[in-house]
Amino acid sequence: MTFEELQKREADRLANNAISQSFDRKDPYSTDRTLYNPTNGDLYVTITDSNGNVRRQVFNLLSDG
């Protein structure tokens, strides 16, 4: 096997691996945890759906309404 054939085979392997790997979207809030702020009662919940979309819901646990 020549050097050119080895290079072509390696390039094809790398291209196939790059295609097969899925894109992992990072959390724009740089956390995937549930956070609680005791000073104002806000509970922050980060939600990632099956499509990789990231949302943050804020619930105020000390509010009247």
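Within segment 42-65, the residues that satisfy the criterion of being in a strand (DSSP E or B) and free of Cβ contacts under 8 Å to residues at least 12 places away in the same chain are Ile47, Arg55.
Residue count for segment 42-62, restricted to those that are modelled with pLDDT of 85 or more and among the hydroxyl-bearing types (Ser, Thr, Tyr): 1. The residue of segment 1-41 that is modelled with the highest pLDDT, among those that are among the small types (Gly, Ala, Ser) and in a helix (DSSP H, G or I), is Ala11.
The values are calculated or read from the model by the stated rules, or taken from the named source; none is laboratory data. Predicted model, so just to flag it, every value in this text is computed and none were measured. Backbone-built Cβ (ideal geometry, glycine too); neighbour counts: all protein chains shown.
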